[in-house]
Amino acid sequence: MPDAKRFSFSTAAGASSESSSLPFLPFTLQHGDSTPLQVEGLLDTGATVSVLPYKVGLQLGAVWSERAPIVQLTGNLAQFEAPALLLTARVAEFPPVRLAFAWTRAD
């Protein structure tokens, strides 16, 4: 198993130039026994919470009505409810880890 791995910055969808490159990380998410889902997440090392888009939670088999909103988001997501959702994540060949997300109805 590798001790480190490099990932290239990628250009955001709809960006017009290479200077719009951002640190997106490809990884898989899994909820319980669901089929792992390949996603890309924006790395924001200054974030206090990781936000999961609504459609991704549904694709992983999470049920919105079974969760109570407990996370108060701010900024452009402040108007949306956000229950916590625990998922298993795997990056490349590294061992899987459990991550907590604020699951929001925003996509």
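Each value in this text was obtained by applying a stated rule to the coordinates, not by laboratory testing. Just so we're clear, the structure is a prediction, and the values are computed from it rather than from any experiment. Neighbour counts are summed over all protein chains in view; Cβ atoms, including those assigned to glycine, are modelled from backbone coordinates with ideal geometry.
Taking trypsin sites (Lys or Arg not before Pro) in DSSP loop states with no more than 13 other Cβ atoms inside 10 Å as exposed sites, the chain has its longest site-free stretch at 7-107.
Every pair of different Cα atoms in the chain enters the Kirkwood calculation, which places the hydrodynamic radius at 15.2 Å. Around the Cα centre of segment 22-103, unit charges on the Cβ atoms of Lys, Arg, Asp and Glu (plus for the first two, minus for the last two) sum to a dipole of about 40 debye.
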